[in-house]
Amino acid sequence: METIAIIGAGASGLACMNILNQTKQYDILVLEQSLKSARKILASGNGRCNVSNKNMDISFYNTTSPLIQEIISDFDIYHFFDCLSLKLREEGDLIYPYSLSSLSVKNALLKQADGISLIEQCEVIDIKKEKQYRLITNQGVYFADKVVIATGSPASDLSGNHNLDMLKKMKVACLPFVESLVQLKTKEVYKSLKGLRVKGIAKLYDHHTFIDQKKGEILFTDYGLSGICIMQLSRYLDHVKKPVIHLDLLPDLEKKDLDHYHEDGLFHEKLAKLLQEKQLYAKNLVFHVNGTMGIKKAQVCHGGVCLDEVDESLQLKKYPGIYVCGEALDVDGDCGGYNLHFAFASGTHVAKHIIGESYVKDK
Ligand SMILES: Cc1cc2nc3c(=O)[nH]c(=O)nc-3n(C[C@H](O)[C@H](O)[C@H](O)COP(=O)(O)OP(=O)(O)OC[C@H]3O[C@@H](n4cnc5c(N)ncnc54)[C@H](O)[C@@H]3O)c2cc1C
């Protein structure tokens with residue numbers, strides 16, 4: 001039997017493990033650096049785990065790669081979780097577990113792990129190519145015929161800090177991880193609004209040049225801005241020199257409506273008070289962005305293994321038998337289930353290719 005080592009027991013690694021294990025053809029070893037598996041899954045979607053989106057398209061990702069397009073569109077999230085006996089539900093376009101609890105996603109992914117060696121608190125430090133691959137970890141040495149790198153990114157503090165160190169030592173080209181989907185620190189801070197959530201449009205400018213806009217929830221904080229539309233716009237920050245956010249807090253109304261209606265009938269009382277006191281215009285509230293809250297507060301990262309390094313099965317061209325999936329690859333998506341969808345889809349893609357190869361060998 002071939003031994004397959006999966007490095008990382010997160011969304012992509014556990015997806016890969018489940019598909020491989022259905023065949024009962026492999027010795028599967030899952031090595032996880034953390035005390036517990038699937039920590040990011042548990043934290044995702046505010047504990048509800050937004051696993052995918054009905055509106056699935058490559059335009060929601062940072063890449064135009066036809067391979068990635070194929071991987072995300074070929075993957076059927078309903079079928080995947082149905083095979084794990086987990087029912088899903090939709091809320092608008094967002095897809096969640098029926099329970100609305102991320103714990104049920106973790107449990108479903110780990111329920112059929114019989115016969116698998118899952119070793120926690122085991123960090124892979126180095127990989128050496130010998131007759132097999134030798135994996136050097138903080139818990140000793142393991143050998144495997146094939147290796148799946150499913151180590152995610154250092155976004156948040158839930159996936160470690162040495163996600164791709166072993167591949168960098170092997171001279172695999174990796175783009176540095178930079179936070180994405182993250183809260184923004186701004187020069188203008190309105191502490192009286194801390195915790196207030198409003199619906200509106202946030203527009204991102206590079207000084208005076210319009211970059212993009214998002215409609216949805218905006219959250220005022222004591223350091224600046226958060227909320228889904230702000231996190232979405234944060235994806236551009238690594239190449240915007242002078243980022244400025246303009247908020248329209250009344251996207252459905254015009255200036256004349258503002259003149260006609262009382263502010264305290266249009267806004268939460270805290271916001272109405274602030275607008276009156278500071279003489280601010282609710283259709284164009286300006287925030288100069290000082291920076292982000294940093295990688296440890298981010299939901300995902302840009303960067304990771306360059307797509308040029310992998311073939312169509314997500315196998316490293318330089319190291320046949322080593323595959324990469326999930327956020328460890330230079331693929332990241334918008335808020336709304338796109339990142340977990342890619343993690344499950346790419347983990348499944350790798351597993352199917354490994355199985356496909358061994359079927360060919362057996363014949
Ligand atoms: C707070 C938060 C909320 C989120 N909410 C959503 C959401 O609702 N919907 C959505 O689509 N996405 C969401 N995301 C993003 C999503 O969780 C990730 O994109 C996804 O989990 C990536 O899956 P992965 O398998 O690539 O990596 P991970 O799930 O991070 O798994 C990687 C695993 O590898 C382990 N590891 C790392 N390095 C090593 C090593 N050297 N040796 C051994 N093990 C190692 C890590 O400990 C980790 O367990 C959220 C992220 C955060 C932080």
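The values are calculated or read from the model by the stated rules, or taken from the named source; none is laboratory data. Since we're looking at a predicted model, the values are computed, not measured. Here Cβ is always computed from backbone atoms with ideal geometry, including for glycine, and neighbour counts include all displayed protein chains. Note: areas computed on protein heavy atoms with side chains; ligands, DNA, RNA excluded. Shrake-Rupley method; radii C 1.70, N 1.55, O 1.52, S 1.80 Å.
Compute the Cα gyration tensor for the range 40-137, then decide on rounded, prolate or oblate, letting a ≥ b ≥ c be the square roots of its eigenvalues: rounded whenever a/c is under 1.5, prolate when a/b is larger than b/c in the other cases, and oblate in all that remain. Working shown, then result.
On the way: a/c = 2.16, a/b = 1.37, b/c = 1.57.
Oblate is the answer for the range 40-137, as a/c is 1.5 or above yet b/c matches or exceeds a/b.
One Cα centroid belongs to the range 158-176, the other to the range 203-258; the line between them spans 33 Å. Across the range 311-317, rounded Karplus estimates of 3J(HN,Hα) from the backbone phi angles (6.51 cos²θ - 1.76 cosθ + 1.60, θ = phi - 60°) give 8, 5, 9, 6, 8, 5, 5 Hz, Gly and Pro being marked x. Among beta bridges from DSSP that stay inside the chain, the antiparallel ones total about 75%.
If you count only protein heavy atoms with a 1.4 Å probe, what accessible area per residue comes out for the range 184-293, rounded to a whole Å²?
Working: 6180 Å² over 110 residues.
That works out to 56 Å² for each residue.
Determine the shape class of the range 5-81: with a ≥ b ≥ c the square roots of the Cα gyration tensor eigenvalues, call it rounded for a/c under 1.5, and otherwise prolate if a/b is greater than b/c, oblate otherwise. Oblate shape, in that a/c is at least 1.5 and b/c is the bigger or equal ratio.
Give me the net charge of Lys199's neighbourhood, meaning all other residues with Cβ under 12 Å from the Cβ of Lys199; Lys, Arg count +1, Asp, Glu -1. Please report the intermediate quantities before stating the final value.
Values: positive: Arg197, Lys214, Lys215; negative: Glu217, Asp248, Asp252.
Net charge in that neighbourhood comes out at 0.
Counting only protein heavy atoms and a probe of 1.4 Å, the accessible surface of the range 184-293 is 49% carbon and sulfur.
Sort the range 68-188 into rounded, prolate or oblate with this rule: let a ≥ b ≥ c be the square roots of the eigenvalues of the Cα gyration tensor; rounded if a/c is under 1.5, and if a/c is not under 1.5, prolate when a/b is larger than b/c, oblate otherwise. Taking the square roots of the gyration eigenvalues as a ≥ b ≥ c, the range 68-188 is oblate. Protection proxy ranking of 116-125, 15-24, by the mean of other Cβ atoms within 10 Å over each peptide's residues and highest first, is 15-24, 116-125.
Using the Cβ of Ile95 as centre and a radius below 15 Å, the other residues enclosed give a net charge of -3, where K and R count +1 and D and E count -1.
Show me 188-194, 347-353, 144-150 ranked by packing, highest mean number of other Cβ atoms within 10 Å first. Walk me through the numbers before you get to the answer.
Values: 188-194: 15.0, 347-353: 24.3, 144-150: 26.3.
Highest mean packing first, the order is 144-150, 347-353, 188-194.
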